[in-house]
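For reference, the structure discussed in these notes is given below.
The values are calculated or read from the model by the stated rules, or taken from the named source; none is laboratory data. Predicted model only: the values in this text are computed from it and were never measured. Quick reminder, even Gly has a Cβ in these numbers, built from the backbone with ideal geometry, and neighbours come from all protein chains shown. Note: areas computed on protein heavy atoms with side chains; ligands, DNA, RNA excluded. Shrake-Rupley method; radii C 1.70, N 1.55, O 1.52, S 1.80 Å.
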Amino acid sequence: MFDERYGPDVLSPAFPGAHRGRRPTSQPTPAEPGLVVEEVETGWVGAVVRVEKSGGMHVVVLEDRRGRTRTFPLGPGFWVEGKPVVLTAPVLNRAPAQPTRTASGSVAVHGSRARVARGSRIWVEGKHDAELVEKVWGDDLRIEGVVVEMLDGVDHLAERLAEFAPDAERRVGVLVDHLVPGSKEQRLTDDALRHVPRGTVLVLGHPYVDVWQAVRAERLGLDRWPVIDRGTEWKLGILRSLGWPAETQADVARGWQRVLGTVRDFRDLDPALLGRVEELIDFVTAS
């Protein structure tokens with residue numbers, strides 16, 4: 001292959017890049033994909049497709065205008081725009097790209113410090129609820145300055161509200177397990193709300209016996225969560241159904257961590273929980 005644009009003598013003074021009395025100096029040039037180069041010995045002209053390691057050495061793959069490819073050793077012996085170069089491996093950006101979305105699906109805000117905590121709070125019933133909310137909504141809550149606290153059971157709601165004394169500037173959003181009409185949880189929350197100023201407390205719940213069920217069953221390889229007989233402690237029943245250790249509280253803790261570990265972002269949660277948490281965040285952050 002011969003390219004007439006360079007003429008018959010690459011060392012002549014008329015050759016592009018040549019200097020009178022000496023050969024031009026080769027410049028190190030990264031072999032970035034798309035860079036058009038000529039291999040001097042063969043005259044092969046093509047665009048860089050990739051750089052790879054083959055036979056213990058780095059090579060560059062060039063593709064000509066007809067779509068044919070050839071492989072050459074990476075290094076000297078190439079020309080770019082009429083000037084000699086030493087092709088080097090392209091510099092890779094090994095820093096992981098920052099996510100554009102948080103685990104909750106919100107637009108990620110990078111480099112922002114956590115806001116000073118608001119007076120308002122979100123209360124959840126227990127540790128597992130708090131850990132799930134933190135994993136999915138933690139970034140959002142820190143930006144908004146919202147603190148999530150454990151209630152240790154809805155039985156304590158009225159007492160805690162009396163101590164907190166919510167008002168228009170210090171609102172409380174409460175997430176309750178198994179909040180369905182006619183349930184004990186519904187009666188307790190209705191009673192607690194009678195003793196606080198209107199509009200200062202929002203109680204929302206999900207229909208699950210436990211927040212574990214808010215994790216999509218398919219994340220655990222199930223078609224649906226097992227139904228546990230009345231009289232059987234729910235978490236232990238679930239662990240036994242899954243074939244996991246289910247004798248001690250430590251087994252329950254380890255089981256929950258396995259469940260929580262399957263959650264990557266909001267898409268792994270049931271919409272019935274997603275909507276409730278988002279509504280509580282909006283309530284306690286409203287101006």
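Brief remarks on what is shown
- Our coupling estimate for the stretch 214-226, obtained by passing each phi through the Karplus curve with A = 6.51, B = -1.76, C = 1.60 and θ = phi - 60°, is 6, 7, 4, 4, 5, 5, 9, x, 10, 6, 7, 5, x Hz, Gly and Pro reported as x.
- Calculated over the stretch 132-182: convex hull of Cα atoms, volume per residue (Å³): 115 Å³
- Using heavy atoms of the protein chains and a probe of 1.4 Å, the accessible area assigned to residue 225 is about 30 Å².
- Here each label is just a point 7 Å from Cα along the line to Cβ, and for residue 70 and residue 272 those points are 6.8 nm apart.
- Percent accessible area from carbon and sulfur atoms, the stretch 153-254, protein chains only, probe 1.4 Å: 48 percent
- Residue 247/residue 159 FRET efficiency (R0 41 Å; Cβ-Cβ; nearest 0.05): 0.80
- Anchor residue 184: lysines whose Cα lies under 23 Å away (excluding residues fewer than 8 positions away in-chain): 127, 235
- Length gained when the stretch residue 184-residue 80 is fully extended (0.36 nm per residue, less Cα-Cα span): 29.6 nm
- These residues, 37, 227, 180, go from largest to smallest accessible area, 1.4 Å probe, as 227, 180, 37.
- Stretchable slack from residue 217 to residue 32, in nm (0.36 nm times residue separation minus alpha-carbon distance): 62.0 nm
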